[in-house]
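All remarks here apply to the structure that follows.
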Amino acid sequence: MEKLLDVKNLNINFNTYAGVVKAVRGVNFELDKGEMLAIVGESGSGKSVTAKSLMSLLPEKIASIDKNSKILFEGKNILKYSNKELRGLRGKEISMIFQDPMTSLNPTMKLGKQISEVLKIHRNMNSKEAKEEAIRLFKAVHITNPEQRINQYPFELSGGMRQRVIIAMAIACNPKIIIADEPTTALDVTIQAQIMKLIHELKEEMETSIILITHDLGVVREFADRINVMYAGKIIEGGTVEEVFKKSKHPYTWALLKSMPTLDSDIKSELYSLGGTPPDLLEPPIGCPFCARCEYAMEICKEKMPERTDLSTTHFTYCWLTHEYAESVE
């Protein structure tokens with residue numbers, strides 16, 4: 001497989017009135033050409049912050065990235081890019097599908113004009129060519145009556161249609177990587193399925209790599225190739241979909257999977273809910289970040305962060321339960 005992205009030792013802090021929030025701590029992952037990598041976890045685990053850092057979209061005055069961190073795109077460190085290089089990267093090489101289409105689109109501009117701007121800047125098209133391409137892109141994402149839609153404003157479309165417009169903008173320049181940051185959160189269940197199917201189809205047709213940020217494990221199971229599980233700013237387990245769903249070794253991953261309703265679930269029984277709250281990242285724990293909520297926690301879990309354990313060439317975890325001297329837990 002051809003490696004497109006290689007994130008090494010990513011550390012991101014936010015300077016706040018209360019102190020320094022260590023939002024992302026020592027994150028490492030890779031992304032190959034044509035694959036869909038899902039990053040899952042609770043709200044506040046660092047998923048979206050990690051994703052935005054890949055395009056240098058974090059607020060400059062508040063966020064800071066450690067000087068030893070690296071985000072290598074095709075071998076070049078994005079963190080060293082100039083503003084001019086970043087403008088050439090965003091939208092053209094790496095694009096993003098944001099969570100809420102209503103706040104991602106300009107409410108005062110017609111949809112055709114918004115997508116034409118991208119085409120003029122990155123593909124050097126004139127107004128006529130950009131209009132024709134905008135119509136073609138609208139058709140590609142299954143927007144009905146595209147000739148009419150390009151002359152409409154965002155408020156005239158449904159939530160599902162607005163999200164399709166965002167996807168059309170994201171694929172306008174045939175990017176090598178698309179970051180989908182919870183692209184179905186604001187949509188109803190039926191539209192969610194349509195949008196995810198569309199993103200998957202575009203990935204197959206264009207051989208585009210996808211980073212899917214989500215907390216919906218059902219979507220992940222159906223569409224992703226690999227999964228990274230994040231908790232308290234760290235990736236605590238990763239592997240293929242089959243490995244994480246059927247052979248997971250971290251108690252936090254077990255808790256996420258246990259909270260999913262299944263067809264066999266008793267309608268009278270209460271759905272599992274993980275107790276407790278994530279740690280305060282103003283003062284992160286020195287040991288395992290999940291220790292305080294873990295029913296299998298040991299003394300060493302409080303005192304030292306577990307090292308990475310490779311369970312296969314693709315499956316790894318950070319948990320003391322995988323140590324040879326730990327009790328066997330299923």
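Between the exposed loop cleavage positions of the chain, defined as chymotrypsin sites (Phe, Trp or Tyr not before Pro) in a non-H, G, I, E, B DSSP state with at most 11 neighbouring beta-carbon atoms within 10 angstrom, the longest gap is 18-324. The residues of the chain expose on average 52 square angstrom of accessible surface per residue, using a 1.4 Å probe on protein heavy atoms. Shape call for the stretch 237-287 from the C-alpha gyration tensor, a ≥ b ≥ c root eigenvalues: rounded (a/c under 1.5), prolate (a/b greater than b/c) or oblate? Oblate. Each pair of Cα atoms in the stretch 261-330 enters the Kirkwood radius, and Stokes-Einstein at 37 °C and 0.692 mPa s then converts it into a translational diffusion coefficient of 226 µm²/s. Remark: accessible surface ordering of Asp66, Asp188 (largest first) is Asp188, Asp66, probe radius 1.4 Å. Each residue was assigned an accessible area with a 1.4 Å probe, and for Glu307 the value is about 120 Å². Only Cα pairs under 8 Å and 6+ residues apart enter the sum, and on that basis the relative contact order of the stretch 270-319 stands at 27 percent.
Judged by the gyration tensor of its Cα atoms, with axes a ≥ b ≥ c, the stretch 89-187 is oblate; a/c meets the 1.5 cut and b/c is at least as large as a/b. Rolling a 1.4 Å probe over the protein chains gives Leu198 an accessible area of about 10 Å².
Rounded to the nearest 5, what is the percent of antiparallel bridges among the DSSP beta bridges in the chain? List each step's numbers first, then the result.
Values: 30 of 49 bridges.
If I count the DSSP bridges inside the chain, around 60 percent turn out antiparallel.
Split the accessible area of the chain by element, probe 1.4 Å, and carbon with sulfur accounts for 49%. When shorter helices are ignored and each DSSP H run of at least 4 residues is given -39500 (n - 2.57), the per-residue value for the chain at 222 nm works out to -9000 deg cm²/dmol. Of the Cα atoms belonging to the stretch 10-70, the radius of gyration and Dmax stand at 12.4, 42 Å.
Return the inverse of the average 1/r over all pairs of distinct C-alpha atoms in the chain, which is the Kirkwood hydrodynamic radius, in Å to one decimal. Intermediate results must be reported in sequence, preceding the final value.
Values: mean 1/r = 0.0471 Å⁻¹.
About 21.2 Å for the chain.
Sorting Ser328, Ser269 by solvent-accessible area of protein heavy atoms yields Ser328, Ser269, largest first, with a 1.4 Å probe.
Taking N as the residue count of the stretch 153-312, its C-alpha radius of gyration divided by 2.2 N^0.38 Å amounts to 1.23.
What pairs in Lys33/Lys176; Lys8/Lys52; Lys22/Lys67; Lys3/Lys76; Lys197/Lys234 have C-alpha atoms more than 19 Å from each other? As for pairs spanning more than 19 Å Cα to Cα, those are Lys197/Lys234. Ranking of Ser116, Ser273 by solvent-accessible surface, largest first: Ser273, Ser116 (1.4 Å probe, protein heavy atoms only, all chains present).
Computed extension length for Arg221-Lys3: 76.2 nm, one decimal, from 0.36 nm per residue of separation with the Cα-Cα distance subtracted. Solvent-accessible area of Ile12, all protein chains in place: 0 Å² (probe radius 1.4 Å, heavy atoms, ligands and nucleic acids excluded). Here the Karplus curve 6.51 cos²θ - 1.76 cosθ + 1.60, taken at θ = phi - 60°, turns the phi angles of the stretch 286-293 into couplings of 7, x, 5, x, 8, 3, 5, 10 Hz, with x standing for Gly and Pro.
The values are calculated or read from the model by the stated rules, or taken from the named source; none is laboratory data. These numbers were taken from a predicted model, which means no experiment stands behind them. As a convention, Cβ positions derive from the backbone with ideal geometry for all residues, glycine included, and neighbour counts pool all protein chains shown. Protein only, heavy atoms only, side chains kept; ligands, DNA and RNA dropped before computing areas. Shrake-Rupley method; radii C 1.70, N 1.55, O 1.52, S 1.80 Å.
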